[in-house]
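As structure tokens, the structure follows; a few thoughts come after it.
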Amino acid sequence: MKVSTVRYEENLETYQIYGGESLSIEIDNGDHVEIVDVEGDQPCTLLALDMNGSSIIESLSWKTKPIQKNDHLTEKNLSNSANAILKKKNITLKGLTSIDLFDKNSPADTSQSFGINKEGMCVISASGGPMVVDEQNSPTEILINITRAKPIKSSERLPEPLAEPLSEIRINNSTAKSYTVKAGEYIQIIDVEGRQCSDFQAFPVEDLKNGIVTSIDPTVTRSIMGSSYPAPGVFDKFYNQNSEPLVEVMHDTVCRHDTFGLACNSKYYDDKGYPGHISCTENFNKALHKYSIEPRLNWVAVNFFFNTNIEECHTVSSDVSWSRPGDYVLLRAMTDLVCVSSACPDDTSPVNGWNPTDIHVRVYDKSNKFSSAMAFRPDPQTIPTMTKNTGFHKNTEKLTRNFIEYNGYWLASDYNNLGQIKEYWQCREGVVMIDLSPLRKFEVYGPDAEALMQYAITRDVRKLSVGQIVYTAMCYDNGCMVDDGTLYRLCNDTFRWIGGCDEGGKHLRKIAKNKNLNAWVKSSTDQLHNVAVQGPKSRETLAKIIWTSKTQTTIEELKWFRLTVGRIGGEFGIPVMVSRTGYSGELGYEVFAHPKDCEAVWDAIADAGEEFNICPLGLDALDMLRIESGLIFAGYEFCDQTDPFEAGISFTVPLKTKDEDFSGKDELIKRKNSPQRALVGIELDVNEVAEHGDGVYVGKQQVGVVTSATRSPILKKNIALCRISVSESEIGNKVEVGKLDGHHKRLAAEVVSFPFYDPEKTRVRM
């Protein structure tokens, strides 16, 4: 699901096409179009049509030479998505011409550009189908940059409707409007030009009929939801004074709003020295007058897009809104409501970027179905996507409603009728299934693929056999970590990098470009989803269902950090790749499949493990397992300011045996010789659990910070991972974990070795 396929910057529009998809864009005389193959090796087809659906390819003014022109088009020449666009517009293929823009070996960031001489539209297709698990033909994104001769006014730039709207309501800057919605209908509140706040209130119609005025109460909402403001997911409702839910948050592309302050009012402006300045409160009073709602001096409201933050000293601060043009919140009415929305008039502070602009409201029928989602941006400038479902979601949603957003996907935190303790013990004693599909996958191939990986990661790639896997760090030139992950060697010149973030792929492409290496790095996250099968009974479970050819290793034969390719359901069944890897500290495997096959893969594994009481395992239980096993997690044990030594994975940096240069090597040598911090384990002498971010003290001095902590069921102890000053890292040292302000409450602890459980890793080697 996409927020919008377009990003605006003055007269420049940027569109994104995902691999295997197509897009139609209106064009006009004088426009200039640039089409970019972002990751390389991605075929792209272009059609240019006038308003009557006739080809205008010949009229394009090319700055670069296209690859190939295709006359006499048939449906077979175009992708399914491109054919669907043409059919929807009632355009026949007869007489049309297409252009192939890139060849199979186009480098990353290859571009083609041309001018437009006639009004019409372009249909652009990023060709490609489902990727096979042991191949590298992943369809990837195409970017289209259009410099407009006649730019659309910023006030007229709206995202495409999510469905056919029941109504469109424009709220001009510094005004407010009221409107009614019925139970089940959806309210989309859009920041048209970005950085504009919008106060919102809702009143149950039934209460108003009875002469009672109730509305959204932020204090009640915060108390019930346990958060500063609701967000898509489990904790997603706004409540009134009677604890009745009024609206449910379905989509949020900003996730930064305010429920602490009032709507701006006359006193606010009077006190600032602007007497008589129009306020949201006054605008609310005017807009609600027709519903006989009494005017107020102060209106409590949900202040959407208002950038409010609670500081450590407990003060409330505010700054320019985080919202960008087209950002929105989508609400579902849970009862018949009278609603009011404003376009805040505050031009006396940064909250509206010093320039109040319009808000646009769309109302959609209740027959539409919108799943919960929030915006995900891998980096600040990318066009956002909404939270996705993994290929296993149809299986997991039957078992729980407790989903959290992780890396742009919904994953289960725990499961109904189980819970993290039950799930934990089933992994230790039997077998479990864990959806880990959000892990980022990148296909690395080409004549220089080995050279690229040899430089990009800390481990020695040249020692890696085909079919072997290695866990490693990836570092910037300053020695700090980009990511940790596993590298799969599929063939001599083909690899698969599996890590936690998108930055890993970008880092690899940057190295390839800077070093002029003939290699491609193509993202395959959306083409490969994976379920981890972990626990002492995992081998017996998978051995029942994984068929392998005579040239491949069987599940029974598969060694630690090795992979095999097989099928589920016999020789002609579902293709899968299986690796003997995991994140639990137990014997385990990961099964990779295309998302279209994931539902069947999950069911097959569940059936095979039934005799061992197989169950799903959520992120909460997984966290307990990985902490006990001393396995690190991005954002906790490491970040882009942490080197592998500080992250506790010094074994991934073979400085003595890897004689070739690699990214960050010189700095890592310096850091190893002059260490400042180390990752250690600590055991708490009390029953209270430490938390991520708690300070670790010796006397008054803070010497470290807790990175991860849990109560260990199997060890019957409270344990934590801690980044600590080297001077205090000796095993047996006594320290204290600071709670509250770090001083008023201290928890006695002792530095211990880690992994806490099975330090010799005998269980994963079974």
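Within the range 452-468, work out how many residues are surrounded by fewer than 20 Cβ atoms within 10 Å (Cβ to Cβ) and either under 26 Å from the mean Cα position of the chain (by Cα) or small (Gly, Ala, Ser) (or both).
Total meeting the criteria: 2.
Is the range 486-498 home to any residue that is buried (at least 18 other Cβ atoms within 10 Å of the Cβ), closer than 23 Å to LEU631 by Cα, touching a strand residue (DSSP E or B) at 6+ places or on another chain (Cβ under 9 Å) and free of Cβ contacts under 8 Å to residues at least 40 places away in the same chain?
Yes: the range 486-498 contains one or more residues that are buried (at least 18 other Cβ atoms within 10 Å of the Cβ), closer than 23 Å to LEU631 by Cα, touching a strand residue (DSSP E or B) at 6+ places or on another chain (Cβ under 9 Å) and free of Cβ contacts under 8 Å to residues at least 40 places away in the same chain.
Kindly indicate whether TYR229 is touching a strand residue (DSSP E or B) at 6+ places or on another chain (Cβ under 8 Å), more than 22 Å from VAL320 (Cβ to Cβ) and of a type in the set (Phe, Trp, Tyr). Don't jump to the end; show me each part of the working.
On the way: touching a strand residue (DSSP E or B) at 6+ places or on another chain (Cβ under 8 Å): yes; more than 22 Å from VAL320 (Cβ to Cβ): no; of a type in the set (Phe, Trp, Tyr): yes.
So TYR229 fails the test.
Does any residue in the range 739-766 that is free of Cβ contacts under 8 Å to residues at least 12 places away in the same chain come within less than 7 Å, Cβ to Cβ, of a residue that is buried (at least 16 other Cβ atoms within 10 Å of the Cβ) and not in a loop (DSSP other than H, G, I, E, B) six or more places away or on a different chain, and which pairs are these?
The qualifying pairs are LYS745/LYS739.
Condition check: touching a helix residue (DSSP H, G or I) at 6+ places or on another chain (Cβ under 6 Å), in a loop (DSSP other than H, G, I, E, B) and at pLDDT 95 or above. Does SER584 satisfy that? Break it down into steps so the answer makes sense when it comes.
Working: touching a helix residue (DSSP H, G or I) at 6+ places or on another chain (Cβ under 6 Å): yes; in a loop (DSSP other than H, G, I, E, B): yes; at pLDDT 95 or above: yes.
When the stated conditions are applied, SER584 passes them.
For the range 108-118, enumerate the residues that are part of a loop (DSSP other than H, G, I, E, B) and surrounded by fewer than 20 Cβ atoms within 10 Å (Cβ to Cβ).
The initial filter retains those residues of the range 108-118 that are part of a loop (DSSP other than H, G, I, E, B), namely 108-109, 116-118.
Scanning the range 108-118 gives ASP109, ASN117, LYS118.
Just for strands (runs of 3 or more DSSP E) wholly inside the range 1-85: which have at least 1 residues that are among the acidic types (Asp, Glu) and within 23 Å of ARG148 (Cα to Cα)? Reasoning before the result, please.
Numbers: elements: 6-9, 12-17, 22-27, 32-37, 44-50, 68-70.
Those strands (runs of 3 or more DSSP E) span 6-9, 12-17, 22-27, 32-37, 44-50.
I'd like the full set of residues that are touching a strand residue (DSSP E or B) at 6+ places or on another chain (Cβ under 9 Å) and either outside any helix (DSSP H, G or I) or at positive phi (or both), limited to the range 601-634.
GLY609, ILE614, CYS615, PRO616, LEU617, GLY618, GLY630, ILE632, PHE633, ALA634
Of all residues in the range 144-169, count the ones that are surrounded by 15 or more Cβ atoms within 10 Å (Cβ to Cβ) and in contact with a His (Cβ under 9 Å, 6 or more places away or on another chain).
Residues in the range 144-169 being surrounded by 15 or more Cβ atoms within 10 Å (Cβ to Cβ) and in contact with a His (Cβ under 9 Å, 6 or more places away or on another chain): 7 in total.
Filtering the range 567-589 down to residues that are touching a Lys or Arg at 6+ places or on another chain (Cβ under 8 Å) and charged (D, E, K, R), which residue is farthest from ASN137 (Cα to Cα)?
Just the residues of the range 567-589 that are touching a Lys or Arg at 6+ places or on another chain (Cβ under 8 Å), to begin with: 573-576, 579-580, 583-589.
If we keep only those that are charged (D, E, K, R) as well, we get 580, 586.
Values: ARG580: 24, GLU586: 33 Å.
Once the filter is applied, the top-ranked residue is GLU586.
For the range 119-206, which strands (runs of 3 or more DSSP E) that fit wholly inside it have 1 or more residues that are more than 27 Å from the chain's Cα centre (by Cα)?
Numbers: elements: 120-126, 142-147, 165-171, 176-181, 186-191, 198-204.
Correct list: 120-126, 142-147, 165-171, 176-181, 198-204.
Is it true that TYR589 is part of a strand (DSSP E or B), of a type outside the set (D, E, K, R) and either closer than 18 Å to VAL705 by Cβ or at pLDDT 95 or above (or both)?
On the way: part of a strand (DSSP E or B): yes; of a type outside the set (D, E, K, R): yes; either closer than 18 Å to VAL705 by Cβ or at pLDDT 95 or above (or both): yes.
In short, yes.
Could you give me the residue pairs with C-beta distances under 7 Å whose first residue belongs to the range 232-261 and is farther than 20 Å from VAL363 by Cα, whose second residue is among the basic types (Lys, Arg) wherever it lies, and which are 6+ apart or on separate chains?
VAL234/ARG401; THR259/ARG222
Please name all residue pairs, on different chains or six or more residues apart, with Cβ atoms under 7 Å, provided the first residue is in the range 51-71 and is not assigned by TED's automatic domain parsing to the domain that holds ILE25 and the second residue is at pLDDT 90 or above.
Sorted first by the residue in the range 51-71, then by its partner, the list stays empty.
Sort out which residues of the range 391-439 are farther than 24 Å from ALA600 by Cβ and basic (Lys, Arg), and write them in order of number.
Listed by number, the residues that qualify are LYS422, ARG428.
Given ASP346, ASP379, ASP336, which one is crowded, with 21+ Cβ neighbours inside 10 Å and charged (D, E, K, R)?
On the way: ASP379 fails: crowded, with 21+ Cβ neighbours inside 10 Å; ASP336 fails: crowded, with 21+ Cβ neighbours inside 10 Å.
Testing whether each residue is crowded, with 21+ Cβ neighbours inside 10 Å and charged (D, E, K, R) leaves just ASP346.
Return the total of residues in the range 646-675 being buried (at least 16 other Cβ atoms within 10 Å of the Cβ), touching a residue at least 24 places away in the same chain (Cβ under 8 Å), under 22 Å from GLY635 (Cα atoms) and not hydrophobic (A, V, I, L, M, F, W, C).
Final tally of qualifying residues: 7.
What are the residues in the range 87-126 that are of a type in the set (Gly, Ala, Ser) and within 19 Å of ILE142 (Cα to Cα), if any? Give the derivation first.
Step one: filter the range 87-126 for residues of a type in the set (Gly, Ala, Ser), giving 95, 98, 106, 108, 111, 113, 115, 120, 125-126.
Once the filter is applied, which keeps residues that are of a type in the set (Gly, Ala, Ser) and within 19 Å of ILE142 (Cα to Cα), the range 87-126 yields SER98, SER106, ALA108, SER111, SER113, GLY115, SER125, ALA126.
Mind telling me which of the residues PRO275, PRO230 ends up being farther than 29 Å from LYS388 by Cα, touching a helix residue (DSSP H, G or I) at 6+ places or on another chain (Cβ under 9 Å), assigned to a loop (DSSP other than H, G, I, E, B) and of a type outside the set (Lys, Arg)?
On the way: PRO230 fails: farther than 29 Å from LYS388 by Cα.
One residue alone meets the criteria, PRO275.
Checking ASP526 against (1) buried (at least 19 other Cβ atoms within 10 Å of the Cβ); (2) touching a strand residue (DSSP E or B) at 6+ places or on another chain (Cβ under 7 Å); (3) not small (Gly, Ala, Ser), which single condition isn't satisfied?
(2)
The values are calculated or read from the model by the stated rules, or taken from the named source; none is laboratory data. No experiment lies behind these values; they were computed from the predicted model shown. Note: ideal-geometry Cβ built from the backbone for every residue, glycine included; neighbour counts use all protein chains shown.
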